[in-house]
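Undergrad: Below is a structure I'd like to ask you about.
Each value in this text was obtained by applying a stated rule to the coordinates, not by laboratory testing. Just so it is clear, the model here is predicted, and its values are computed rather than measured. Quick reminder, even Gly has a Cβ in these numbers, built from the backbone with ideal geometry, and neighbours come from all protein chains shown.
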Amino acid sequence: MEELRDLRNSVLYALAIAGFLTIAKAWWTQFAARSKRFPRRHRDAFRFPTTMPRQVPQQIARVVSLLSALLALGGCETMTDMITANVPETHGGRASVVVNLRQQQAYLFRGGVQTASSRISSGREGHRTPIGRFRVIRKDEDHRSSLYGDYVDSSGQVARANVDVRKGRKPAHSHFVGAPMPFFIEFSPSYGLHAGYLPGVPASHGCIRMPYWKARQFYRAVHLGTPVVVKP
């Protein structure tokens, strides 16, 4: 399921870029045509067109329809996460992360300046996320849980889903497959930030779940030793 969600996110991102490039190409085509039509001494020939090409409204309509369908498929928040996570950072300096559990938000800083934020889902009742000052101790782009996941048989079929390996018996002729935790940033033993499902409330076993695109953005920004502060 996580792999399908990642693939869908990648397709959404590619299609959104393709839509914007389609409009830009139409504007540039008219600009190039106008530049060739008039001598170089005519200054107006080199101004970017202020009138819209005839074909652009139809292209815009197609792109709007496409983006509307994408929003319905991926959700407004997914599209927002995808776009904002890929905007180039304007500040340098060392990275740091601040997580506010009450706000259910995570913040990325560069040299003390906030450069990104993300909604999160932290630990639910009985599985509280640890509070305090930490540092990144491990990064694993394709991490899987060693405690939570599914028991899968030899044919790849799930024999028992959503299990805790410390509880219950393993079905015969099956093996454990840990739940995927992409872009895992561990800041305390067994606790970290990673991509995962966000239901809008604290729902994890103690880790900090983030949207796929934001988890990737934070993962790429931090390094071993990066400060992580978790506030109540």
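Undergrad: What is the fewest-to-most order of T80, T90, T115 by other Cβ atoms lying within 10 Å of their Cβ?
TA: With the sparsest Cβ surroundings first, the list reads T90, T80, T115.
Undergrad: Please give the contour-minus-distance gain from A172 to R124: 0.36 nm per residue of separation, less the Cα-Cα distance, rounded to one decimal in nm.
TA: Residue separation times 0.36 nm, minus the Cα-Cα distance, leaves 14.1 nm.
Undergrad: From the backbone phi of segment 89-104, what are the Karplus-calculated ³J(HN,Hα) couplings (6.51 cos²θ - 1.76 cosθ + 1.60, θ = phi - 60°) in whole Hz, Gly and Pro given as x?
TA: Each residue of segment 89-104 in turn: 6, 9, 10, x, x, 6, 7, 8, 10, 10, 10, 10, 5, 5, 7, 6 Hz.
Undergrad: For a label point 7 angstrom out from the Cα of I131 toward its Cβ, which stretches of segment 206-232 have the backbone nitrogen within less than 12 Å?
TA: Under 12 Å, as judged by backbone N against the label point of I131, lie 230-232 of segment 206-232.
Undergrad: What are the residues whose amide H is under 5 Å from the amide H of V136, where those residues sit 5 or more places off or on another chain and H is modelled from the backbone?
TA: Placed amide hydrogens put G225, T226, V228 under 5 Å from V136.
Undergrad: Amide H to amide H, which residues 5 or more places from H143 or on other chains are under 5 Å from it, using H placed in the peptide plane?
TA: Residues meeting the amide H criterion: M181, F183, F184.
Undergrad: Ranked highest first by the average count of other Cβ atoms within 10 Å around their residues, in what order do 107-113, 188-194 fall? Please report the intermediate quantities before stating the final value.
TA: On the way: 107-113: 15.1, 188-194: 19.4.
Result, highest mean Cβ count within 10 Å first: 188-194, 107-113.
Undergrad: Among R124, R138, R102, rank each residue by its count of other Cβ atoms within 10 Å, from fewest to most, as a rough exposure measure.
TA: R102, R138, R124
Undergrad: Order these by the 10 Å Cβ neighbour count, fewest first: K139, K167, K231.
TA: The most exposed by this proxy come first: K167, K231, K139.
Undergrad: Suppose we take every Cα in segment 105-232 and form the convex hull; what volume per residue is that in Å³?
TA: Dividing the Cα hull volume of segment 105-232 by its residues yields 113 Å³.
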